[in-house]
Amino acid sequence: MTQRGRATRPSGPAGRPRRSDGPRGAPRGDLAARRTRLREVIEPVVSAAGYDLEDLSVSRAGRRHVVRVIVGADGGISLDAVADVSRAVSAALDAAEEAGGDIVAGEYQLEVSSPGVDRPLTLPRHWRRNVGRLVKVTVRGDAGDRQLTGRITAADDERVTLETDAGPAAHPYPELGPGRVQVEFNRLDELADEDLGDDTDIDDDEDLEDEER
C-alpha cells in the first residue's frame, strides 16, 4: 500500500520546484541530520493519527530525494488511511518548511506505505500484529543459536508463543533474532490487501543511490 507524492513539491506562488544551490551529493552526515529533522516533524503527525512510525528513510534518486515513510497499526492499515496519513504528513512538512526553511534540500518525493510482510519482526507490536502467521526466527541459547519455524499463537510485551511440530513454546524477546514471516501459498488470499514487499518504484530513468537508513 503506497500513497505517493508524485509531483515535485512546489515552493512559492509560482509553484516552481525546489532546487538546491549546493552540490548534487549531500554528505552522509547531512542526510542523517535531515532524517532526524524529518522524524521530529513526521512522527507526531503519525502518532496523532493513531499509528506507529515503523520506518523513515531518505535516499537520493537522480536529482531529487525520496522520503519514505512506513506506518503500521494493530489490525493493519487501509489504503484510505495511508492516503490520509500521506496528506497529513505532506501538510506538516509544508508548514515546517515555511516556518524554518527547507528540511530536504532541492526537489523531493514523499512515499507513504504500510509494512510489507517481508519486513522483519523486531518489536513486540510486530509479533502481536502477526499472530496466526508462520515465521522463521533464530533462537539464541546457551547451547548456541538454532533456526526455528513456527506459527505465532500469542504475543505480549514480554514474550511470543510459537506452535511448532514439537508443540507450543514461549520465547522471551531477548532470545529471538528478527522474525521473518513465511508466505504460505495456500493463504495468499489473506494477504491480497497487504504489501508483499516494498514495491514502490522510482521513475525508470532515475537510479536510486546513496540511500541512508
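All of the numbers you see were taken from the coordinates with simple rules; none came from a lab. For clarity, every value in this text was computed on a predicted model and none was experimentally measured. Every residue, glycine as well, gets a Cβ built from its backbone with ideal geometry; the counts of neighbours run over all protein chains shown.
Please list, ordered by chain and number, the residues whose modelled amide H lies under 5 Å from the amide H of Val66; skip anything fewer than 5 residues away on the same chain.
Ser59, Arg60, Ala61, Gln109
What are the ³J(HN,Hα) couplings of the range 70-81, residue after residue, when phi is run through the Karplus curve with 6.51, -1.76, 1.60 and θ = phi - 60°? Round to Hz, x for glycine and proline.
Calculated HN-Hα couplings, in order: 10, 10, x, 7, 4, x, x, 9, 7, 4, 4, 5 Hz.
Mind ranking 128-136, 51-59 by how tightly packed they are, going by the mean number of other C-beta atoms within 10 angstrom, highest first?
51-59, 128-136
At 7 Å along Cα-to-Cβ for each site, give me the label-to-label distance between Arg39 and Asp94 in nm.
For the pair Arg39/Asp94, the computed spacing is 2.7 nm.
Want the number for Thr153 to Ala169: 0.36 nm per residue separation, take away the alpha-carbon distance, what's left?
Stretched fully, the Thr153-Ala169 segment lengthens by 4.8 nm.
For q values of 0.19 Å⁻¹, compute log₁₀ I(q)/I(0) with the Debye formula on a Cα-only model of the range 75-182, without solvent.
-0.90
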